[in-house]
Amino acid sequence: MKLSLDDCLRDALTQQSQQGLLRQLMPVTEVDGRLVRQGEKLLVNFSSNDYLGLARHPKLQEAALQAVRDWGTGSTASRLICGSLQVHHLLEEQLAAYKGTAAALIFSTGHAAAMGTVPALVGREDIVILDRLAHACLVDAARLSGAALRVFRHNDLNDLERLLRWADDRRTQAARQPRPLRILVVTESVFSMDGDQAPLAAIVELKDRYGAWLMVDEAHATGLFGPRGEGLIAAAGLTQRVEIQMGTLGKALGSAGGFIAGSRPLIDWLIQAARTFMFSTAPTPSQSAVAATAVQLVQSAEGTRLRAQLWKHVHQATRMAVRGDLQWPGLSLPPSSAILPWVAGESARALACAETARQMGLLIPAIRYPAVPRHRARLRITISAAHLPEDLALLERFLLQIAGASLTPTPAPRF
Ligand SMILES: *Cc1c(COP(=O)(O)O)cnc(C)c1O
């Protein structure tokens, strides 16, 4: 029997479309933390992760140009061959100092950082315990590792402890194995689609009590929290107690890439075993030079000023969202992040809200399954330091509009 690839895929695409889950790419002709142009239409951008508006910062643009002049455009090979450029080492030193760790290692993307790191640390004999709402790359990385995967209810410490107790029992049973069973807990500090924070201090207590290791993804916290924007781990004084800190360079830092920060043995081991690091061309010199400049910038007085601006905007947006006439569940003051999720429920409803936003001149995409659980489709509104007062006023008009159209969000998530 001849099975046509295109016929199979056309069927799959039709199904996707019938479920309101079809994705289509929108060519953008101009974008920054504040605005996005799609063809003729100029929209206020409430969808980017450019929280501090750095992606168009003149200093970062200049760093990119200078790196191209100094190094050329490509890094020419894997880090382990001839691609380990000085600019990569400089960035890693800066990231380690920024995060307060002995060392750091960069990857081409945050996704690659996760996919390389988890399987380098745990395998078939081991156990990974993951927050239910952890990012897809953390789930994929845990699956790839071959470890037994257990999921705890989102931010639920009792459920986490139940799984840690189970894992600890398994370890006792496996005590005669040649090497002790490893237990790795994986979570995010700020959740990418819900904007809430993990109870890091309590998670650290628990994982220590049960002899587990902890990996925390700070993709949406790096640059934003702590006196120098180090992230929530540092802000909570937990730097010495989290074994594996992960971050991205493509969000608040305005570049692209991912990294792991931790002890010297951790980084030395990842250089031996993280396959997305070993078998991949090194990040471009310009992306690393930009990130290095951004790491300096977020720690400077300008970084402090941009964070103050961002949080002022987030406070304003959250204040309007929690007003009586909007009744936006799951949000409260003070805000826990620069991500404001408006949970609409079904995909069709989220798409209708996103279309209303577009008509009013705002880009707020509908986030649907599998990025979020089924029946929990939402608008994910992200706030930037680059927004202007009139942008927030427009956002308020939009929120009132969808609230008035009785498109009020469904109650706070229960997982
Ligand atoms: C964006 C994101 C990643 C992936 O990082 P990229 O650099 O975009 O590949 C990983 N984890 C979380 C929580 C993210 O939001």
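Where a number appears in this text, it was derived from the coordinates with a stated rule and is not lab data. Predicted, not measured: the structure shown is a model, and the values here were computed from it. As a convention, Cβ positions derive from the backbone with ideal geometry for all residues, glycine included, and neighbour counts pool all protein chains shown.
GLY330's amide H: which non-local residues (gap 5+, or another chain) put their own amide H closer than 5 Å, with H modeled 1.01 Å from N in plane and none for Pro or chain starts?
When sequence neighbours closer than 5 places are left aside, the close amide H contacts are ALA412.
Can you spot the aspartates and glutamates whose alpha carbon is less than 15 Å from LYS99's alpha carbon? Ignore those fewer than 8 places along the same chain.
Of all the aspartates and glutamates, those that pass the test against LYS99 - Cα under 15 Å, at least 8 places apart if same chain - are ASP217, GLU218, GLU230, GLU243.
Roughly how many whole Å is it from the C-alpha centroid of segment 35-55 to that of segment 164-194?
40
What does the highest-first list of 292-304, 342-354 look like by mean Cβ count within 10 Å?
On the way: 292-304: 19.3, 342-354: 21.1.
Result, highest mean Cβ count within 10 Å first: 342-354, 292-304.
If packing is taken as the mean number of other Cβ atoms within 10 Å per residue, what is the order of 150-159, 190-199, 307-316, highest first?
On the way: 150-159: 17.0, 190-199: 21.4, 307-316: 18.5.
Packing proxy ranking, top to bottom: 190-199, 307-316, 150-159.
Identify all lysines with a Cα-Cα distance to LYS312 below 22 Å; exclude those on the same chain that are fewer than 8 residues away in sequence.
Hits, sequence-local ones excluded: LYS251.
Taking a quarter of the surface of the convex hull around the Cα atoms of segment 205-350, what do you get in nm²? Provide the component values of the computation, followed by the final result.
Working: hull surface 49.8 nm².
With every direction weighted equally, the projected area is 12.5 nm².
If the chain between LEU157 and ALA136 were fully stretched, how many nm would it gain, using 0.36 nm times the residue separation less the Cα-Cα distance? All intermediate terms of the calculation are to be shown ahead of the outcome.
Details: separation 21, 0.36 × 21 = 7.56 nm, distance 2.12 nm.
Roughly 5.4 nm would be gained on extension.
Calculate one ³J(HN,Hα) per residue across segment 388-395 by plugging θ = phi - 60° into the Karplus curve 6.51 cos²θ - 1.76 cosθ + 1.60, and present them in order as whole Hz with x for glycine and proline.
With coefficients 6.51, -1.76 and 1.60, one gets 10, x, 5, 5, 5, 5, 5, 4 Hz.
Return the long-range amide H neighbours of ALA252 (sequence gap of 5 or more, or a different chain), with a cut-off of under 5 Å between placed amide H atoms.
Hits under the 5 Å cutoff: TYR51.
What whole-number distance in Å separates the alpha-carbon centres of segment 199-258 and segment 56-85?
About 27 Å separates the Cα centre of segment 199-258 from the one of segment 56-85.
Would you compute, from DSSP H runs of 4+ residues alone, the mean residue ellipticity of the chain at 222 nm, taking -39500 (n - 2.57) per run and dividing by the full residue count, rounded to the nearest 500?
On the way: 14 runs with 174 residues, N = 415.
The helix-only estimate for the chain comes to -13000 deg cm²/dmol at 222 nm.
Would segment 269-314 count as rounded, prolate or oblate if I go by the C-alpha gyration tensor, calling it rounded below 1.5 in a/c and otherwise prolate when a/b exceeds b/c, oblate otherwise? If you can, show how the numbers build up before the last one.
Details: a/c = 3.43, a/b = 2.55, b/c = 1.34.
Verdict is prolate for segment 269-314.
Rounded to the nearest 20 debye, what is the charge dipole size of segment 227-331 about its Cα centre when +1 sits on each Lys and Arg Cβ and -1 on each Asp and Glu Cβ? Kindly include the intermediate steps, with their values, before the conclusion.
Details: 10 positive and 5 negative charges, 50 e Å.
Charge dipole of segment 227-331: 240 debye, to the nearest 20.
Picking from ILE260, GLY303, GLN38, whose Cα lies most toward the positive end of the charge dipole for the chain (charges on Cβ: Lys, Arg +1; Asp, Glu -1)?
Positive-most Cα among the choices belongs to ILE260.
Exposure proxy check: HIS375, HIS88, HIS220 ranked by fewest other beta carbons within 10 Å? Intermediate results must be reported in sequence, preceding the final value.
On the way: HIS375 12, HIS88 23, HIS220 29.
Going from least to most buried by this count: HIS375, HIS88, HIS220.
Quick one: which residues, 5 or more positions from GLU188 or on another chain, have an amide H under 5 Å from its amide H? H modelled 1.01 Å from N in the peptide plane, none for Pro or chain starts.
Excluding prolines and chain starts, which carry no amide H, the hits are ASP217.
Assign one of three labels to the chain, namely rounded, prolate or oblate, based on the Cα gyration tensor with a ≥ b ≥ c the square roots of its eigenvalues; rounded applies when a/c is under 1.5, prolate when it is not and a/b is larger than b/c, and oblate otherwise.
Values: a/c = 1.42, a/b = 1.20, b/c = 1.18.
Verdict is rounded for the chain.
Treating the beta-carbon of each Lys and Arg as +1 and of each Asp and Glu as -1, no other charges, what is the dipole magnitude of the chain about its Cα centre, to the nearest 20 debye?
So the magnitude is around 520 debye.
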